[in-house]
Amino acid sequence: MEIIHLSAECYPIAKVGGLGDVVGALPKYQNKIGHMAKVVMPAYETKFLRENEFEVVYDGWGKLGFQNFPVRIFREKTNKLGFDLFLVHIAGLMDRPNVYGYPDDTERFLAFQIAVLDWIAQWEHRPDVIHCHDHHTGLVPFMTSYCNQYRHLRQIPTVLTIHNAQYQGQFGWDKLNYLPAFDVWKTAMLDWKGSINPLASAIKCAWRVTTVSPSYLDEISHKANGLEALFARERGKSVGILNGIDNEVWDPSADAMLEKQFDLRTVDNGKRANKEALCRVFNLDASKPLFTFIGRLVGEKGADLLPEIFYNALLQFKGRINVLVLGSGDPNVENWLNGLKEAFPGNYNAYIGYNEKLSHQIYAGADFLLMPSRVEPCGLNQMYALRYGTVPIVRRIGGLKDTVIDIGDGGFGICHDQTNVWDVGRAISRAMELYSDKKKVKEIRKFMMNIDHSWDKAAQEYINLYQI
Ligand code: ADP
Ligand code: GLC
């Protein structure tokens, strides 16, 4: 099958979070099982763009309301990512360093979607499926279904994968004229609660909808930032497919970013070497358990509670515990987390910012990874932690519930029910107890590293879905 993935992020070109990881891996694994999956994304001003070779495959003009914009689409020449990569260059809109966060994000991603469809509309053949990821590409199913200029794309099946329903990309009806002319009686297919809502529109118009874990699909009929009723209504065409991880990128036995590589046989020495290196850099005590948090410092991740959680733990287990945080986001949380450094030198440290290499080193060197998420559609961190022999401490929600089994239930992780300081505090106490049982820790590490979360299975599940 020829599969076109449309996304705002794709690792290693541009990644803000897990969406990038998924779109950088799923197509590769679909190709490995004999398909032709391609990725089309915006051409941001990135290192990848500067350092690789491209050929131009399309030159044209798009239209956003009364404005014309120039479009140039590049194909990466070598196919080194394991899939064909197409970057959509739109001067003045997409050629910026960041993926999101600009006041004209609505215009940017609308222009991107229009440019992509203008291009596909010119092809002599039709792809077998257009797979849209999140709201940035959410108007594509509407446009292929109802815009006059894309009428001949109507028969191409569209799939929407929801990585996070918290973000929906809503904008006002005053921008309706940005869309190419469409059947006006279909206007309701754009609307949700008085706005044009790209995510809601995609849920209505896509042929199939997927969420990134089965539990998240169950949850969003009750809690989805205002879209609950819509999810309940469209449940029939929806399915939850658990994300995988890219075992080639996340492989402790071959990970060039680590101080020391390790496998099942060498895990204890390997983790010790990585922990010691990390502790040297961050002035921590490698003889004590190392707890970590890696991620976006936002409410969804429970990040606002981290300062209090760590403060309590560092007081309770005075001198017997280490904490290292890697993340960025809410400036208040960043300040609080930075502030703890002075209070607990030698036992606490934080790197505020984004650092891909350091994230690998922390997965490898830490003993425990916390994920007290309020919302977690899938979560990849816990799967990386498992593969690197780090015990996940997670809230039982979304994809965390689908991937982590508590040690009390014969599993390998530590689970808690709520995102609050007390539940997480108790979970940390349980982790401290576990850490003192060296034999058990060794056993669990091996067990976790043996769990197979590779993309092989999920890549096939998506193919089966496209064929329905
Ligand atoms: P989300 O997509 O909601 O942020 P996921 O768990 O799916 O959460 O994926 C997060 C991804 O982003 C992981 O690859 C994680 O290692 C990475 N990540 C998050 N924050 C940082 C950071 N500050 N530095 C490096 N990597 C980060
Ligand atoms: C989103 C979700 C996260 C998920 C990721 C990849 O960013 O917040 O839980 O793992 O997408 O699907």
Give me the percent of the accessible area of region 267-452 that comes from carbon and sulfur atoms, probe 1.4 Å, all protein chains in place. 49
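Per DSSP helix of 4 or more residues, -39500 (n - 2.57); summed, then divided by the residues of the chain. What does that give at 222 nm, rounded to the nearest 500?
Values: 16 runs with 167 residues, N = 468.
Taken over the chain, the calculation gives -10500 deg cm²/dmol.
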If exposed means no more than 11 neighbouring beta carbons inside 10 Å and the site is in a DSSP loop, what's the longest run of the chain without any exposed GluC sites (Glu not before Pro)? 125-468
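Let's test the formula: R0 of 30 Å, r as the Cβ-Cβ distance of Tyr167 and Thr78. What FRET efficiency results, to the nearest 0.05?
Values: r = 33 Å, r/R0 = 1.10.
The value I calculate is 0.35.
Just the number please: accessible area per residue for region 267-452, 1.4 Å probe, all protein chains included, in Å².
Details: 7290 Å² over 186 residues.
Accessible area per residue: 39 Å².
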Centroid-to-centroid separation of region 243-257 and region 106-182 [C-alpha atoms, Å]: 33
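Which of rounded, prolate or oblate describes region 299-443 when judged by the alpha-carbon gyration tensor and an a/c cut-off of 1.5?
Values: a/c = 1.41, a/b = 1.22, b/c = 1.16.
Because its axes are fairly even, with a/c under 1.5, region 299-443 counts as rounded.
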Does anyone have the angle between helix 18-32 and the longest principal axis of the chain? Alpha-carbon axes, 0 to 90°, nearest 10? 70
Multiply the residue gap between Trp185 and Leu264 by 0.36 nm, knock off their C-alpha separation, and tell me the result in nm, one decimal place. 22.4 nm
Quick check: pseudo-label points 7 Å beyond the Cα along Cα→Cβ at Ser429 and Asn332, how many nm apart are they? 2.8
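Are any of the pairs Lys38/Lys204; Lys47/Lys275; Lys186/Lys237; Lys47/Lys175; Lys341/Lys401 more than 27 Å apart by Cα-Cα distance, and if so, which? Write out the running numbers ahead of the final one.
Values: Lys38/Lys204 25 Å; Lys47/Lys275 30 Å; Lys186/Lys237 20 Å; Lys47/Lys175 33 Å; Lys341/Lys401 32 Å.
From Lys38/Lys204; Lys47/Lys275; Lys186/Lys237; Lys47/Lys175; Lys341/Lys401, over 27 Å: Lys47/Lys275; Lys47/Lys175; Lys341/Lys401.
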Tell me which aspartates and glutamates have Cα within less than 12 Å of Lys357's Cα, excluding those fewer than 8 residues away on the same chain? Asp255, Glu259
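Summing Lys, Arg as +1 and Asp, Glu as -1, what charge do residues with Cβ under 11 Å from the Cβ of Pro12 carry, Pro12 excluded?
Numbers: positive: Lys15, Lys47, Lys80; negative: Glu9, Asp21, Glu51, Asp246, Glu356.
With Lys, Arg at +1 and Asp, Glu at -1, the net is -2.
Could you compute the net charge surrounding Ile203? Neighbours are other residues with a C-beta less than 11 Å from the C-beta of Ile203; K and R count +1, D and E count -1. Before the final figure, lay out each step's value.
Values: positive: Lys204, Arg208, Arg233, Arg235, Lys237; negative: Glu234.
Result for the local shell: +4.
Tell me the relative contact order for the chain as a rounded percent, counting alpha carbon contacts under 8 Å between residues six or more apart.
On the way: 941 pairs, mean separation 57.1, N = 468.
Answer for the chain is 12 percent.
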Restricting region 143-226 to trypsin sites (Lys or Arg not before Pro) in coil, as DSSP defines it, with at most 13 other Cβ within 10 Å: Arg154, Lys193
Within the chain, what percent of beta bridges assigned by DSSP are antiparallel, to the nearest 5? 30
Each label point is 7 Å from the Cα along the Cα-to-Cβ direction; what then is the distance between the points at Lys438 and Asp406, in nm? 2.9
Please give, to one decimal in nm, the separation of the simple spin-label points placed at Asn68 and Lys357, each 7 Å out from Cα toward the Cβ. 4.6
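Sorting Leu324, Leu176 by accessible area (1.4 Å probe), largest first, what list results? Don't skip to the end; give the middle numbers.
Values: Leu324 0, Leu176 50 Å².
Of Leu324, Leu176, the descending order of accessible area is Leu176, Leu324.
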Under 16 Å from the 7 Å Cα→Cβ point of His125, by amide nitrogen: which residues of region 18-44? 31, 34-39
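If you count the DSSP beta bridges with both ends in region 267-452, what percent of them are antiparallel, to the nearest 5? Let's see the in-between values first.
On the way: 0 of 23 bridges.
That works out to approximately 0 percent antiparallel.
The values are calculated or read from the model by the stated rules, or taken from the named source; none is laboratory data. Computed from a predicted model, the values in this text were never measured in an experiment. Reconstructed Cβ throughout: ideal geometry from the backbone, glycine too, with neighbour counts over all protein chains shown. Just the protein is used for accessible areas: all its heavy atoms, side chains included, with ligands, DNA and RNA removed. Shrake-Rupley method; radii C 1.70, N 1.55, O 1.52, S 1.80 Å.
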